[in-house]
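Notes follow once the structure below has been shown.
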Amino acid sequence: MTGSMSSSEFGGILLRWLSESRSGRASALRDGIRSQARAWGLELKEYADWVWMRNAAALGFIDVDSRADRWSVAPPVLTRLPHADGLALLTGARTARISARVEEAAQEWMELITVPHRPEAGEAPLPDTLLFQYEDLRTLQEAAELLGVRYVPCAALQMMELLPQAALGPEAAPPGGSTANTLEKYDLRLQRFVPVETDDEDGLYRWRGADYARLTRVRRNGVFHAVERETGVYLELARHRTGAMRWRPESGKGRAGVGRLFVDRYAPLPALHERAAVLCSGFPPSVGKQTQIRAYDNVPRALAEAIAASLQQNLEIMPRPVAATGGRTK
């Protein structure tokens, strides 16, 4: 890899390497993303490596277990996008063999739409999004077989039944010893963790463990419980009856049941919830610089409601755009 290569190739070549390697340490992958970015002449902002891994997992390319410090490539899949007028997404591993089959198919019979990722300044480019235009389900199933990938009818909607409910984890030890000096508590008003001296109030805490790994715990009625950071934030939001999700239907004819899911940026979705939302479109969420939100496109209302309910949120339904009434928008 050299700096003369286009940055648009970064995500695709990195995915090829992950696909051929199959698995490894998550911490090593983060280091690898930064080292390869330097080889491309890319200047990454802080946490850009972690953001790349999170988005790649949401897009279905890899699976990441931060607690175990492991990543693994996901199996190659061709799956329909919900309410997307005959569009399917090709995701998962992109080995040399699969890529060659896709290129050959695109030249001979496959209606392939390739959409490059347009990263913000300081972000690492993701792999291109590959969309397959099809006419009927039989064509889609045959295409998957010819490409040597698994056919999944609609991964986003199938995940709706698998979303874990936000709940307290098993009882865990409180902070103690030298680790207490790293104690932080989540401040809902400031929307971030802030240093604190004691853990004598219920809430969401984090601190560095003996191995310097960051531990996140929820305190309820004086008892600490293990929890993932994202789930812990939603448990705090629920405790304070604070909403962080909104959904707005699209304006097109026959599109009232699908729309855009907005999630406050300080309350990122847990991994499986985010994958379900992302696989509705095949694109990572857009991030509003001024509004501080993540927006997910083409999300059916039923899925948005399931995501919200599983995270103890009351989904706010926003008004449909004026164009839906048949009038003209200025």
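The values are calculated or read from the model by the stated rules, or taken from the named source; none is laboratory data. These numbers were taken from a predicted model, which means no experiment stands behind them. Counting neighbours? That spans all protein chains shown, and the Cβs are built from the backbone with ideal geometry, glycine included. These area figures cover heavy atoms from the full protein model, side chains too; ligands, DNA and RNA do not enter into them. Shrake-Rupley method; radii C 1.70, N 1.55, O 1.52, S 1.80 Å.
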For this session: Can you figure out the FRET efficiency of Arg214 with Asp85, using R₀ = 35 Å and their beta-carbon distance, to the nearest 0.05?
Result: 0.20
For this session: Can you list which of the trypsin sites (Lys or Arg not before Pro) found in region 170-254 are DSSP loop residues with at most 12 other C-beta atoms within 10 Å?
Result: Arg189, Arg241, Lys253
Exercise. At q = 0.08, 0.13 Å⁻¹, what base-10 log of I(q)/I(0) does the Debye formula yield for region 125-283 when every alpha carbon is treated as an equal point scatterer in vacuo?
Worked result: -0.38, -0.79
Problem set entry | More than 20 angstrom apart: percent of Cα pairs within region 245-317 | 20
Problem set entry | Contour excess over end-to-end distance, with Cα ends at Ser99 and His240 and 0.36 nm allotted per residue | 45.9 nm
Seminar exercise, completed: CD proxy, 222 nm, the chain: helix-only mean residue ellipticity via -39,500 (n - 2.57) per DSSP H run with n ≥ 4, per residue, nearest 500, stands at -8500 deg cm²/dmol
Problem set entry | C-alpha center-to-center spacing [region 197-257, region 114-136] in angstrom | 30
Exercise. In cubic angstrom, how much convex hull volume per residue do the alpha carbon atoms of region 1-153 span?
Worked result: 115
Exercise. Which GluC sites (Glu not before Pro) in region 231-301 pass both tests, a DSSP loop state and at most 11 other beta-carbon atoms within 10 Å?
Worked result: none
Problem set entry | Normalised per residue, the volume of the convex hull around the Cα set of region 41-104 (Å³) | 158
Seminar exercise, completed: Rh_Kirkwood(the chain) over Cα pairs, Å, one decimal, evaluates to 21.5
Exercise. What's the Kirkwood radius of region 177-226 in Å, using all Cα pairs?
Worked result: 11.0
Exercise. Heavy-atom accessible area of Asp128 with all protein chains present, probe 1.4 Å, nearest 10 Å²?
Worked result: 50
